[in-house]
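K.L.:
Quick one: the structure is below, and I'll ask about it shortly.
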Amino acid sequence: MDCLIELYDHDQLNNLVDILAFRPRKVVFIFDKREIRDQDLHAIKLACRQALPNLQIEAVSITPVSLDEITRTCKQVIHQNPNCYMDITGGGELNAIGAYLACRSTFTPIFKVDIINGAFINVYGCKSMENRFFLPTLSLDILLLAHGAIHGGHGHSQPSDLWFDPLFRFCQQIFQDLNGWKDFCFYLQTGCTAYPASSPLFFSAPAQIPVSDGNFAGGKESFFQLANQLNLISDYQKEKNWISFSFANTAIRHYLTDYGTCLELYTYISLSRSNAFHDVQMSVKIDWNGQRKIPVEVTNEIDVTCFYGIHPVFISCKLSEPSSEALQELSIYKSYFGGRHSRCILVTLANLNPERSYPVWRAKEMGIHLIDGNSIRRGTFIKDILKALEGNQIALRG
């Protein structure tokens with residue numbers, strides 16, 4: 001495709017999809033200068049050039065006070081760019097009508113993409129393109145760029161697939177005994193601090209470490225045995241009330257000493273192994289490059305992210321019953337990234353009563369899917385996530 005004329009839309013995903021699907025040599029954005037900010041145009045240009053480095057990009061402003069003016073502007077852009085196609089996926093109804101009139105009078109192909117259903121709509125002159133259209137594969141990096149942010153790395157390192165099975169099995173044991181897991185983490189944290197070893201991977205400390213007021217920190221033997229069996233630690237010894245072993249690596253050391261990371265790990269591994277999602281990432285940091293566009297009380301780290309087809313999915317993981325603040329924080333990512341095409345899921349180990357739980361009612365009101373401990377313990381975690389996402393698709397189509 002030589003040139004794609006795009007009606008700029010507030011929802012950046014509507015702008016990205018067709019450009020990445022058809023990969024034109026040139027894109028011309030037609031935008032309403034009264035509503036679109038310069039930084040938004042700059043962001044979409046950065047995102048497009050990240051995916052298509054040689055893409056030529058122009059932007060033409062309009063003030064759509066009348067249908068005639070919109071049609072006239074579209075005609076001018078068409079005449080300046082022979083062999084072009086017009087995309088009216090976004091941009092508003094009046095602009096779409098003006099673009100259609102301009103295309104019909106100049107015999108210019110015009111189309112629209114139904115992102116919800118993944119369908120190409122031939123408005124005029126694009127019959128041959130219908131069978132050649134496929135939704136592109138998006139990445140989080142591109143999505144963040146389109147909204148004026150960049151990927152800032154990971155708060156927790158992501159395990160390689162070689163560690164998926166042992167970590168998954170260890171998490172399953174954790175979920176059966178959260179109190180024991182809490183004690184185990186506290187013991188390892190205390191031991192690493194109070195008895196530092198020459199190597200950060202080596203642990204050596206009393207089996208019972210005095211902490212305060214006559215209390216002691218101690219780890220449950222079953223967790224040590226399982227970690228050793230799964231090779232998360234090695235050379236485990238307990239002699240004369242003294243424990244020693246070696247962590248497999250620095251990432252494993254972090255996982256075994258951070259109480260809240262286990263549910264993120266379980267979710268990340270489950271999604272990665274399911275083959276139903278792509279670009280699955282854990283503990284993603286968002287770098288706003290000095291231009292914070294969300295409330296300061298909202299953290300800039302998302303527990304788990306992925307794409308379900310074209311739809312970005314944002315997941316928050318909570319070991320206990322989620323608070324209203326947790327739901328509110330998650331909803332901001334939903335509204336900001338991908339708009340109505342985004343999906344949000346809150347995963348919790350708490351068992352929630354759909355009839356009596358306030359978080360269930362509040363999440364439903366905010367368009368957030370809840371996956372609770374019942375789903376994890378009965379082994380239907382991925383099945384329930386897919387059911388929730390598919391249910392959302394049906395609701396939007398309806």
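K.L.:
Is there a residue in the stretch 340-347 that is within 25 Å of Trp181 (Cα to Cα) and basic (Lys, Arg)?
P.N.:
Within the stretch 340-347, none of the residues are within 25 Å of Trp181 (Cα to Cα) and basic (Lys, Arg).
K.L.:
Name the single residue that is surrounded by the fewest Cβ atoms within 10 Å (Cβ to Cβ) among those in the stretch 145-192 being of a type in the set (Phe, Trp, Tyr) and in contact with a strand residue (DSSP E or B) (Cβ under 8 Å, 6 or more places away or on another chain). Reasoning before the result, please.
P.N.:
Pass one, the stretch 145-192, residues of a type in the set (Phe, Trp, Tyr): 163-164, 168, 170, 175, 181, 184, 186-187.
Among the residues that remain, those that are also in contact with a strand residue (DSSP E or B) (Cβ under 8 Å, 6 or more places away or on another chain) are: 186-187.
Numbers: Phe186: 17, Tyr187: 25.
By that ranking, first place goes to Phe186.
K.L.:
With respect to Tyr259, is the statement that it is aromatic (Phe, Trp, Tyr), open to solvent by 50 Å² or more (accessible area, probe 1.4 Å) and not in a strand (DSSP E or B) true?
P.N.:
Answer is yes for this residue.
K.L.:
For the stretch 244-267, indicate whether the set of residues that are over 14 Å from the mean Cα position of the chain (by Cα) and at pLDDT below 80 is non-empty.
P.N.:
There is no residue in the stretch 244-267 that is over 14 Å from the mean Cα position of the chain (by Cα) and at pLDDT below 80.
K.L.:
A follow-up question, please. Among helices (runs of 4 or more DSSP H) lying entirely in the stretch 1-111, which contain 1 or more residues that are of a type outside the set (A, V, I, L, M, F, W, C), touching a residue at least 24 places away in the same chain (Cβ under 8 Å) and buried (at least 21 other Cβ atoms within 10 Å of the Cβ)?
P.N.:
Passing ranges, in order: 12-22, 93-106.
K.L.:
To continue, here is another question. Just to verify a result, which residue in the stretch 201-226, among those that are in contact with a helix residue (DSSP H, G or I) (Cβ under 7 Å, 6 or more places away or on another chain) and at pLDDT 95 or above, is surrounded by the fewest Cβ atoms within 10 Å (Cβ to Cβ)?
P.N.:
Only one residue fits best here, namely Leu201.
K.L.:
Based on this model, can you work out whether Ser198 counts as loosely packed, with under 15 Cβ neighbours inside 10 Å and of a type outside the set (A, V, I, L, M)? Before the answer, list the steps.
P.N.:
Values: loosely packed, with under 15 Cβ neighbours inside 10 Å: yes; of a type outside the set (A, V, I, L, M): yes.
So Ser198 passes the test.
K.L.:
For the subset of the stretch 236-256 comprising residues that are in contact with a Cys (Cβ under 9 Å, 6 or more places away or on another chain) and open to solvent by less than 30 Å² (accessible area, probe 1.4 Å), which member is farthest from Trp163 (Cα to Cα)?
P.N.:
Leu256
K.L.:
OK, next. Being touching a strand residue (DSSP E or B) at 6+ places or on another chain (Cβ under 7 Å), surrounded by fewer than 15 Cβ atoms within 10 Å (Cβ to Cβ) and closer than 19 Å to Asn179 by Cβ, is that true of even one residue in the stretch 227-235?
P.N.:
Within the stretch 227-235, none of the residues are touching a strand residue (DSSP E or B) at 6+ places or on another chain (Cβ under 7 Å), surrounded by fewer than 15 Cβ atoms within 10 Å (Cβ to Cβ) and closer than 19 Å to Asn179 by Cβ.
K.L.:
Kindly indicate the residue of the stretch 316-330 that is open to solvent by less than 20 Å² (accessible area, probe 1.4 Å) and not in a loop (DSSP other than H, G, I, E, B) and also nearest to Ala149 (Cα to Cα) among those meeting that condition. Before the answer, list the steps.
P.N.:
Of the residues in the stretch 316-330, the ones open to solvent by less than 20 Å² (accessible area, probe 1.4 Å) are 316-317, 322, 326-327, 330.
Pick out the ones that are also not in a loop (DSSP other than H, G, I, E, B) and you get 316-317, 326-327, 330.
On the way: Ser316: 20, Cys317: 23, Ala326: 22, Leu327: 22, Leu330: 17 Å.
In this case the residue turns out to be Leu330.
K.L.:
Would you say Phe245 is in a strand (DSSP E or B), touching an Asp or Glu at 6+ places or on another chain (Cβ under 7 Å) and not acidic (Asp, Glu)?
P.N.:
yes
K.L.:
Still on this structure, I have one more. When you look at Ile142, is it surrounded by 14 or more Cβ atoms within 10 Å (Cβ to Cβ) and either under 22 Å from the mean Cα position of the chain (by Cα) or in a strand (DSSP E or B) (or both), yes or no?
P.N.:
So Ile142 passes the test.
Here is a yes/no grid of residues against (1) farther than 14 Å from Ile243 by Cα; (2) part of a helix (DSSP H, G or I); (3) in contact with a Leu (Cβ under 9 Å, 6 or more places away or on another chain):
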{"site": "Pro166", "(1), (2), (3)": "yes, yes, yes"}
{"site": "Phe186", "(1), (2), (3)": "yes, yes, no"}
{"site": "Ala197", "(1), (2), (3)": "no, no, no"}
{"site": "Ser204", "(1), (2), (3)": "no, no, no"}
{"site": "Ser212", "(1), (2), (3)": "yes, no, no"}
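K.L.:
Evaluate the stretch 293-314: report whether one residue or more is on the phi > 0 side of the Ramachandran plot and either open to solvent by 30 Å² or more (accessible area, probe 1.4 Å) or touching a residue at least 60 places away in the same chain (Cβ under 8 Å) (or both). Reasoning before the result, please.
P.N.:
Residues of the stretch 293-314 on the phi > 0 side of the Ramachandran plot: 309.
Checking which are either open to solvent by 30 Å² or more (accessible area, probe 1.4 Å) or touching a residue at least 60 places away in the same chain (Cβ under 8 Å) (or both) leaves us with 309.
Yes, the conditions are met somewhere in the stretch 293-314.
K.L.:
Can you tell me which residues in the stretch 123-138 are within 31 Å of the chain's Cα centre (by Cα) and surrounded by fewer than 19 Cβ atoms within 10 Å (Cβ to Cβ)? I'd like the intermediate steps shown before the answer.
P.N.:
So the first thing to find is which residues in the stretch 123-138 are within 31 Å of the chain's Cα centre (by Cα), and the list is 129-138.
Met129, Glu130, Asn131, Arg132, Phe133, Phe134, Leu135, Pro136, Thr137 - these are the residues of the stretch 123-138 that are within 31 Å of the chain's Cα centre (by Cα) and surrounded by fewer than 19 Cβ atoms within 10 Å (Cβ to Cβ).
K.L.:
Tell me which residues, restricted to the stretch 368-387, are touching a strand residue (DSSP E or B) at 6+ places or on another chain (Cβ under 7 Å) and either more than 23 Å from Phe168 (Cα to Cα) or open to solvent by 20 Å² or more (accessible area, probe 1.4 Å) (or both).
P.N.:
Ile368, His369, Leu370, Asp372, Asp384
K.L.:
Here is a follow-up. Residue check, Ile286 against (1) β-branched (Val, Ile, Thr); (2) assigned to a strand (DSSP E or B); (3) closer than 17 Å to Leu162 by Cα, all met but one. Which one?
P.N.:
Unmet for Ile286, out of (1) β-branched (Val, Ile, Thr); (2) assigned to a strand (DSSP E or B); (3) closer than 17 Å to Leu162 by Cα: (3).
K.L.:
Could you count how many residues in the stretch 334-350 are in a helix (DSSP H, G or I) and open to solvent by 10 Å² or more (accessible area, probe 1.4 Å)?
P.N.:
Step one: of the stretch 334-350, the residues in a helix (DSSP H, G or I) are 334-336, 339-341.
Within this subset, residues satisfying the condition of being open to solvent by 10 Å² or more (accessible area, probe 1.4 Å) are 334-336, 339-340.
The total comes to 5.
K.L.:
Can you find a residue that is at pLDDT 80 or above, outside any helix (DSSP H, G or I) and touching a Pro at 6+ places or on another chain (Cβ under 8 Å) anywhere in the stretch 377-397?
P.N.:
No, every residue in the stretch 377-397 fails to be at pLDDT 80 or above, outside any helix (DSSP H, G or I) and touching a Pro at 6+ places or on another chain (Cβ under 8 Å).
K.L.:
So Arg362 ticks every box in (1) in contact with a Gly (Cβ under 9 Å, 6 or more places away or on another chain); (2) open to solvent by 10 Å² or more (accessible area, probe 1.4 Å); (3) not small (Gly, Ala, Ser) but one. Which box is left unticked?
P.N.:
(1)
The values are calculated or read from the model by the stated rules, or taken from the named source; none is laboratory data. None of these values were measured; they are calculated from a predicted model. Every residue, glycine as well, gets a Cβ built from its backbone with ideal geometry; the counts of neighbours run over all protein chains shown. Just the protein is used for accessible areas: all its heavy atoms, side chains included, with ligands, DNA and RNA removed. Shrake-Rupley method; radii C 1.70, N 1.55, O 1.52, S 1.80 Å.
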